[in-house]
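Coordinate-derived values only; no laboratory data. If you're wondering where the values come from, they're calculated on a predicted model, not measured in any experiment. Cβ sites come from the backbone with ideal geometry, for glycine too, and all protein chains shown count toward neighbours.
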Amino acid sequence: MDEYKTFFNAPCAAWIATISRDDIQRVLASKEPKHATYRTRCDVAWLVINADTESTSTWFEFDPSHLADPFLTDFSRVFLVQHFKGKAFELNVRTKRSNEAEIPNNLTPNR
């Protein structure tokens, strides 16, 4: 019975989701608890959000104009990288901490 071969296939189907500003802010919020630990080893911490990796759950579409308004985060810089498309976007960020909050209590800023 060599003339008959069995072939099994499990195709994959997916749709490309559209992400919103809220989705990106939610990712930032999930990384915030680690920020203080990162800062024990460096002066500045950047965050890279990787997308379009091997897993279809990381594929998405978005409107780049949604990145114009600042995102609230403690990270100094944040990048959104779409690997398959070969694109990287730097998010406009506003830190949660004011500059004066970073100055030790016994020092006053020059005015």
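Model label points for VAL48 and ARG94, set 7 angstrom from Cα along the Cα-to-Cβ axis, are 2.8 nm apart.
Proximity of backbone amide H atoms, modeled 1.01 Å from N, is registered between PHE60 and ASP52 at under 5 Å, excluding neighbours fewer than 5 places apart on the same chain. Each label was represented as a point 7 Å from its Cα along the Cα-to-Cβ direction; for PHE8 and GLU61 these points are 3.5 nm apart.
Remark: the LYS85-LYS31 segment gains 17.0 nm on full extension, using 0.36 nm per residue and subtracting the alpha carbon distance. Given the range 19-97, what percent of its DSSP beta bridges are antiparallel, to the nearest 5? In the range 19-97, approximately 35 percent of DSSP beta bridges are antiparallel ones. Summarising the amide proton neighbourhood of VAL78: residues at separation of 5 or more, or on other chains, whose placed amide H is nearer than 5 Å comprise LEU47, LEU91. The packing ranking, built from the mean of other Cβ atoms within 10 Å per residue, places the peptides 35-47, 74-86 in the order 74-86, 35-47, highest first. Based on every Cα atom in the range 32-86, Rg and the maximum pairwise Cα distance Dmax equal 13.4, 35 Å. In plain terms, the residue of GLU32, GLU54 with the fewest other Cβ atoms within 10 Å comes first and the most crowded comes last, giving GLU54, GLU32. When +1 charges are put on Lys and Arg Cβ atoms and -1 charges on Asp and Glu Cβ atoms, the dipole computed for the range 19-97 relative to its Cα centre reaches about 420 debye.
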